[in-house]
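Peer 1: Have a look at the structure that comes next, please.
The values are calculated or read from the model by the stated rules, or taken from the named source; none is laboratory data. Just so you know, these numbers come straight off a predicted model, no measurement behind them. As a convention, Cβ positions derive from the backbone with ideal geometry for all residues, glycine included, and neighbour counts pool all protein chains shown.
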Amino acid sequence: MTAMPNDELSLKEIKRLIADAYRRIEVFEMTEESVVRPSSFKEEALVDVIFMNVYRVLEEANSLSFDLKMRHRDIPWDQVRGMRNRLAHDYSHVNREVVWGTIRDNFPQLELLVEQELSRS
């Protein structure tokens, strides 16, 4: 079974957005410390830019088909939806350490899922 057409578009967008988030972190020279505890308005603004990418990744991941999600039960889909909702509806209470951990620890797993699914198409 291959990914549904809208899954393929979402997977490609997830891949692009994750690469963009990593690039922004590198270009802006952001570190865990500057993300979790920004020391200037500039750092706060850069965190917002990076977290918008994270939100968009989670939005696309949340829109993936049920079948695709069932093939990847190791991904905590409820947590994906929960973090997406927190970023969208309660941004001022987002735990920056958790979001940074998602970028650092979970994005590589999501990238692997994307590569696996796109190779099936």
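Peer 1: Taking the stretch 33-49, which residues are of a type outside the set (S, T, Y), free of Cβ contacts under 8 Å to residues at least 60 places away in the same chain and either under 14 Å from V114 (Cβ atoms) or assigned to a helix (DSSP H, G or I) (or both)? Spell out the reasoning first.
Peer 2: Within the stretch 33-49, the subset of a type outside the set (S, T, Y) is 33, 35-38, 41-49.
Narrowing further to those that are free of Cβ contacts under 8 Å to residues at least 60 places away in the same chain: 33, 37-38, 41-49.
Once the filter is applied, which keeps residues that are of a type outside the set (S, T, Y), free of Cβ contacts under 8 Å to residues at least 60 places away in the same chain and either under 14 Å from V114 (Cβ atoms) or assigned to a helix (DSSP H, G or I) (or both), the stretch 33-49 yields E33, F41, K42, E43, E44, A45, L46, V47, D48, V49.
Peer 1: Please go through the stretch 4-22 and pick out each residue that is among the aliphatic types (A, V, I, L, M) and surrounded by fewer than 20 Cβ atoms within 10 Å (Cβ to Cβ).
Peer 2: Initial filter on the stretch 4-22 (among the aliphatic types (A, V, I, L, M)): 4, 9, 11, 14, 17-19, 21.
If the condition is that a residue be among the aliphatic types (A, V, I, L, M) and surrounded by fewer than 20 Cβ atoms within 10 Å (Cβ to Cβ), then M4, L9, A19 are the ones that fit.
Peer 1: Among the residues of the stretch 80-104, write down those that are touching a Phe, Trp or Tyr at 6+ places or on another chain (Cβ under 8 Å) and not in a helix (DSSP H, G or I).
Peer 2: V94
To keep it simple, each residue is scored yes or no on (1) aromatic (F, W, Y); (2) at pLDDT below 95; (3) farther than 19 Å from R16 by Cα.
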{"site": "K42", "(1), (2), (3)": "no, no, yes"}
{"site": "A45", "(1), (2), (3)": "no, no, yes"}
{"site": "F51", "(1), (2), (3)": "yes, no, no"}
{"site": "L58", "(1), (2), (3)": "no, no, no"}
{"site": "P76", "(1), (2), (3)": "no, yes, yes"}
{"site": "H89", "(1), (2), (3)": "no, no, yes"}
{"site": "V94", "(1), (2), (3)": "no, no, yes"}
{"site": "S119", "(1), (2), (3)": "no, yes, no"}
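Peer 1: Can you pull out every residue in the stretch 77-112 that is more than 20 Å from A45 (Cβ to Cβ), touching a residue at least 60 places away in the same chain (Cβ under 8 Å) and either surrounded by 14 or more Cβ atoms within 10 Å (Cβ to Cβ) or in contact with a Pro (Cβ under 8 Å, 6 or more places away or on another chain) (or both)?
Peer 2: F107, L110, E111
Peer 1: Exactly one of these conditions fails for E8: (1) under 22 Å from P76 (Cβ atoms); (2) touching a Ser or Thr at 6+ places or on another chain (Cβ under 6 Å). Give me its number.
Peer 2: (1)
Peer 1: If we keep just the residues of the stretch 50-79 that are outside any helix (DSSP H, G or I) and either in contact with a Ser or Thr (Cβ under 8 Å, 6 or more places away or on another chain) or not hydrophobic (A, V, I, L, M, F, W, C) (or both), which is nearest to R96 (Cα to Cα)? If you could, list the steps in order and put the result at the bottom.
Peer 2: Here is the first cut: in the stretch 50-79, the residues outside any helix (DSSP H, G or I) are 63-65, 72-76.
Pick out the ones that are also either in contact with a Ser or Thr (Cβ under 8 Å, 6 or more places away or on another chain) or not hydrophobic (A, V, I, L, M, F, W, C) (or both) and you get 63-65, 72-74, 76.
Numbers: S63: 24, L64: 25, S65: 28, H72: 26, R73: 26, D74: 23, P76: 19 Å.
Selected residue: P76.
Peer 1: Here is a follow-up. Which members of the stretch 67-99 meet the condition of being among the basic types (K, R) and farther than 21 Å from Q116 by Cα?
Peer 2: Those that are among the basic types (K, R) and farther than 21 Å from Q116 by Cα: R81, R84, R86, R96.
Peer 1: Still on this structure, please answer the following. Just checking, which of A19, A45 is among the hydrophobic types (A, V, I, L, M, F, W, C) and farther than 19 Å from Q109 by Cβ? Full working, then the answer.
Peer 2: On the way: A19 fails: farther than 19 Å from Q109 by Cβ.
Unique residue meeting the criteria: A45.
Peer 1: In the stretch 23-48, what count of residues is obtained for those that are of a type outside the set (K, R) and surrounded by 15 or more Cβ atoms within 10 Å (Cβ to Cβ)?
Peer 2: Keep residues of the stretch 23-48 that are of a type outside the set (K, R), which gives 25-36, 38-41, 43-48.
Subsequent filtering for residues that are surrounded by 15 or more Cβ atoms within 10 Å (Cβ to Cβ) retains 25, 28, 30, 34-36, 38, 43, 46-47.
Matching residues across the stretch 23-48 total 10.
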